[in-house]
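Notes follow once the structure below has been shown.
The values are calculated or read from the model by the stated rules, or taken from the named source; none is laboratory data. From a predicted model like this one, the values you see are computed outputs, not experimental measurements. Counting neighbours? That spans all protein chains shown, and the Cβs are built from the backbone with ideal geometry, glycine included.
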Amino acid sequence: MAETNRPLANRILLGLIVGVVAGLATLALGKIFPALLDFMRQVAVNVLDPLGQIFLRLLFFVVIPLVFSSLAAGVAQLGRLDRLGLLAGRTFALFFLNMSIAVVLGLLMMNILRPGDHLAPNAKAMLLKEFGGAAQKHVEASVQSTSSLSLGGLVEMFMPKNLFGAVVGHTNSKIGDVLPLILFALLVGVVGTQLAEVKRQQLLSALDLIAELMTGIVQLALKLAPYAVPAMIYSVVIKIGVEILIALAVFAVGCLAVMLLHLFGIMSIWLRCWTNRRPRDFFRDIRSVLVTAFSTSSSNATLPAALDCAKNTLGLRPSVAGFVLPLGTTMNMSGTALYEGCVVLFVAQVYGVPLSVGQQCTLLLLSVLSAVAVAGIPGGSLPLIAGLLTTFGIPPEGIGIVLGVDRILDMARSMTNVGSDMVTTAVVDAQERKFKSSTSLG
């Protein structure tokens, strides 16, 4: 995951606590002095909500250019796809399988626990009213599109006649469609791999420059987060009540549980099926790497320790570890993909926007792709999550609800990312040894 600014993260968490405590105190006083609660709700609408919107709008500004530049650069940097070879093909297949399984687990958990349903119907109606009924319009459009889902409809979703019109959006309240943008970015990246090396490097430099500028804007936005988070959570609490806190707690605990299940459950199955290693011994050997990832919330910062552990403790071949681990640091983001899918489904439940099975399958694919494109900074996934929310007709402002618990979940998903990288490296190493052994015997 991204490098985490500890003081900033701690201030955001402190802001969440302040906002919650202040909101609960206002609700308690409101039972004695109803006029006070009405007055504070007006203050929330006219003062606190606009403050939160400044923070959110800065994130929304960068959605389109950040998604395009990050995803296109991620593909273009691979070089000639036809020259990557069997090692790369096996690695990418495992990356995709790993992230897909993680997202499936997350979506299953969200459909079983349904934390967003802890809100009463009148609370959801209040949220819908606050956003001008926009979510309800998307619900109706979603029902219509789901009932008429066809091959032609899918072509229209991913390949509109007017690409830039669809991506930019036609109104001030609309971010734009992310699906055609993702497809276009993938096409640019794939064609970029076929360019001459000099031109490919020029393309990468341009895309990296755009991504760096956009991540700079995200960093500016995050400086407002310690003030915006308490404002937003206070506003939500006094409008909706304690129910939103219960829903948020269920969401956070569910995410933590399913991340641990993926890391120590699914990855143990991988070790059993594709290597000769005992899962308990393996995770004991990489314990220091997992602790480093959890404490730093950074896959990049953990990479040196991961490489050393892979080569010297696990005995993996340097050529395999040197290829898979650096690539996995930016591409094999199972914890991030899982989290993005969970956030989208949670916010959809909070706002009462139903997502069909087909839409959740699309969400699975988009969560995997967007996780690869996440910028390497704190909060780098927020613009991408906002884009995913918009894609499924969910008010992107909903990310403000989960922002306060993002710190602890960031630590957990970073550990999941790095742990999955280590397991994937061990699997690739074992398969490479088997392949070379069989070819030498043949």
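Structure values in brief
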quantity: From Phe346, Phe294, Phe283, residue being closer than 24 Å to Leu105 by Cβ, assigned to a helix (DSSP H, G or I) and more than 20 Å from the chain's Cα centre (by Cα); calculated: Phe283
quantity: Members of segment 49-86 that are more than 21 Å from Glu212 (Cα to Cα), modelled with pLDDT under 80, in a helix (DSSP H, G or I) and not basic (Lys, Arg); calculated: Leu81, Asp82, Gly85, Leu86
quantity: Condition check for Met110: crowded, with 16+ Cβ neighbours inside 10 Å, in contact with a Cys (Cβ under 7 Å, 6 or more places away or on another chain), touching a residue at least 12 places away in the same chain (Cβ under 8 Å) and not in a loop (DSSP other than H, G, I, E, B); calculated: yes
quantity: Condition check for Gly15: within 27 Å of Met259 (Cβ to Cβ) and modelled with pLDDT under 90; calculated: yes
quantity: Conditions (1) in contact with a Gly (Cβ under 8 Å, 6 or more places away or on another chain); (2) modelled with pLDDT under 90; number of the one not met by Phe95; calculated: (2)
quantity: Unique match (being within 23 Å of Ala76 (Cα to Cα), crowded, with 20+ Cβ neighbours inside 10 Å and touching a helix residue (DSSP H, G or I) at 6+ places or on another chain (Cβ under 9 Å)) among Gly387, Gly419, Gly400, Gly341; calculated: Gly387
quantity: Any hit, segment 127-143, residues being crowded, with 21+ Cβ neighbours inside 10 Å, modelled with pLDDT of 70 or more and either within 30 Å of Gly254 (Cα to Cα) or in contact with a His (Cβ under 6 Å, 6 or more places away or on another chain) (or both); calculated: no
quantity: Check on Val218, of a type in the set (Val, Ile, Thr) and surrounded by fewer than 17 Cβ atoms within 10 Å (Cβ to Cβ); calculated: no
